[in-house]
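Here's the structure we're looking at; comments come further down.
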Amino acid sequence: MGKYFGTDGFRGKAGVDLTSEHAFKIGRYLGYYYSQKHPGAAKIVIGKDTRLSSYTYESALASGITSSGCDAYLLHVTTTPSVSFITRTENFDCGVMISASHNPFYDNGIKLMNENGEKMDDDLQDEIERYIDGEIPEIPFASEDKIGKTVDFYNGRNRYIGYLTNLATKSFENCKVGLDCANGASWMEAQSVFQALGAKTYVINNEPNGININKDAGSTHIEGLRKFVKENNLDVGFAFDGDADRCLAVDELGNEVNGDVIMYIAAKYLKAHGQLPSNTVVTTIMSNFGLYKALDKCGIGYEKTAVGDRYVYENMKAYDHMIGGEQSGHIIFRKYAHTGDGLITAIMMMNILVDTQLPLSVLSADIRMYPQVLKNVIVDDKDGTMNDSAVMEAVNECTKRLGDNGRVLLRKSGTEPVLRVMAEAGSDAECEENVDYIIDAMKKSGHLIEVKK
């Protein structure tokens, strides 16, 4: 990760960590870079979510891009996966999404995508960082007929909606579907797609006002959708995050169905229909132990990557796997998208529900999620703590103790002086016991500063 760009773009508190000047400079460098590669024909597409600050960054980015001689196409409020789709299908040089995903409204971010709709290569992002910090000589402004133009590209969203509706294998007629749009980017598109597919659609949190994005809503606050599904006797519910690259589900009984369970259901179905050519699901190291147990029982293999859907996609692309994702709901169906796409995930699940004629509670019944406890601890030295012999011995002891009935995981935070200590086991008490055993080893070794609340 760089100084500004992490695994999911440049993100921080709007007006503090991420300013309009940052956005302008990002636009300046992108416009210059691509106008040099394709003089007179370079174009960049921009989408944004519903945060107040997204409008400011959209203007700053477009101004930077056009002043460097590149054309800026504005999709306006739309989802991250729609920007990815439009970038790769409409021959754009680059895609930009303004969003802080599931974060509160006062944060924002800028995500960059290459011409294939994939997350931008680190090399170009490193160059942009050097330009922001003044380590690259000032680049020239375009002049006369070389100045770029800003184009309203609202219709691009309709092309994405049309693409989604073609992914349904059957009509969703007579299905009562709940959608929680998190007052975010999917607030119009999600309902349009499901109504076009014939579903009886019930929508909540689809009245964005600039400051209510993700507030007690969406995939990070799924309790609202659980209640809504039960009260309205719906067949299924889907919850998205602020930029709709995540999707979690709720079954007809009001139970949460997380990303691990969604991947299991989808992989099992695809395998049964000869559509899982590599017979493999790509997960991160944070996926639940229960997922691996269930996949083993089905004879489906799995890969484990570092945390982040970027790493999941890189593995899928490198080894030609078709499904992967995270417990949080970032699910990638690589046949249809180059990024996590909440709406595609919901459509894939609906295809399975309609085809099997089975409720979601039945489809998820044969996977058991193990209890999980995660504690964040502040330490004096992350690497020193992880390499400490007493801490390593504690981790090994817990691993031996749990055997085939659980696991422990110790990993570093990428942004804080924090280690994450996680355990999965047969009960919450057993998880707590193992996590605390490892933390106690850190304390005795003198590395522990504080267990975060």
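Coordinate-derived values only; no laboratory data. Please read all numbers here as calculations on a predicted model, not as lab measurements. For neighbour counting, all protein chains shown are included, and Cβ atoms are generated from backbone atoms with ideal geometry for every residue, glycine included.
Between ALA196 and ASP428, the simple label model (points 7 Å from Cα in the Cβ direction) yields a spacing of 4.4 nm.
Within the straight-line cut-off of under 17 Å between alpha carbons, the aspartates and glutamates reachable from LYS382 are GLU393, GLU416, ASP440, GLU450, sequence neighbours fewer than 8 places apart in one chain being disregarded. Available extension along the chain between ALA41 and VAL451 is 142.2 nm, counting 0.36 nm per residue and deducting the alpha carbon span. For the range 1-140, the convex hull drawn through the C-alpha positions has a volume of 92 cubic angstrom per residue.
Mind giving me the FRET efficiency for GLU90 and ASP121? R0 is 22 Å, r the Cβ-Cβ distance, nearest 0.05 is fine. Between GLU90 and ASP121 the formula returns 0.60.
Sequence-distant contacts, meaning Cα pairs under 8 Å at least 6 residues apart, place the relative contact order of the range 5-158 at 30 percent. The separation of the range 373-414 from the range 34-90, counted between C-alpha centres, amounts to 43 Å.
For VAL257, the residues whose modelled amide H falls within less than 5 Å of its own, excluding neighbours fewer than 5 places apart on the same chain, are ALA249, VAL250, ASP251. Note on LYS304 and TYR55: the model spin-label points, each 7 Å out from Cα along the C-beta direction, lie 4.7 nm apart. Taken as Cα centroids, the range 280-300 and the range 146-225 sit 29 Å apart, rounded to the nearest whole angstrom. Measuring r between the beta carbons of ARG411 and ASN166 and using R0 = 30 Å, the FRET efficiency lands at 0.15. So what's the net charge close to LYS111: Lys and Arg +1, Asp and Glu -1, counting the other residues with Cβ under 12 Å from its Cβ? Neighbourhood net charge equals -2. Note on LYS176: lysines with a C-alpha under 30 Å away, same-chain residues under 8 apart excluded, are LYS48, LYS200, LYS215, LYS227, LYS230, LYS268, LYS271, LYS335. Remark: the TYR154-GLU393 segment gains 80.3 nm on full extension, using 0.36 nm per residue and subtracting the alpha carbon distance.
Compute the relative contact order of the chain as a whole-number percentage, counting only Cα pairs closer than 8 Å that sit 6 or more residues apart in sequence. The normalised contact order for the chain reaches 12 percent. Once fully extended, how much extra length lies between ILE211 and THR356, figured as 0.36 nm per residue of separation less the alpha-carbon to alpha-carbon distance? Contour length minus Cα-Cα distance gives 48.2 nm. Taking a sphere under 9 Å around the Cβ of MET316 and counting the other residues whose Cβ falls inside, with K and R at +1 and D and E at -1, yields a net charge of -1. Per-residue 3J(HN,Hα) values for the range 133-138, derived from phi via the Karplus relation 6.51 cos²θ - 1.76 cosθ + 1.60 with θ = phi - 60°, read 8, x, 8, 10, x, 4 Hz in sequence order (x marks Gly and Pro). Let me make sure I get this right: for the range 372-451, a, b and c are the square roots of the gyration tensor eigenvalues over alpha carbons, sorted descending. Under 1.5 in a/c it's rounded, otherwise prolate if a/b > b/c, else oblate. Which is it? In terms of gyration-tensor shape, prolate.
Where a ≥ b ≥ c are the square roots of the eigenvalues of the C-alpha gyration tensor, would you call the chain rounded, which needs a/c under 1.5, or, failing that, prolate if a/b is larger than b/c, or oblate? Since a/c reaches 1.5 but b/c is at least a/b, the shape of the chain is classed as oblate.
Under the simplified labelling scheme, the GLU135-LYS230 pair shows an inter-label distance of 5.4 nm, with each label point 7 Å from Cα along Cα→Cβ. Counting only DSSP H runs of at least 4 residues, each contributing -39500 (n - 2.57), and dividing by the residue count of the chain, the helix-based mean residue ellipticity at 222 nm comes to -11500 deg cm²/dmol.
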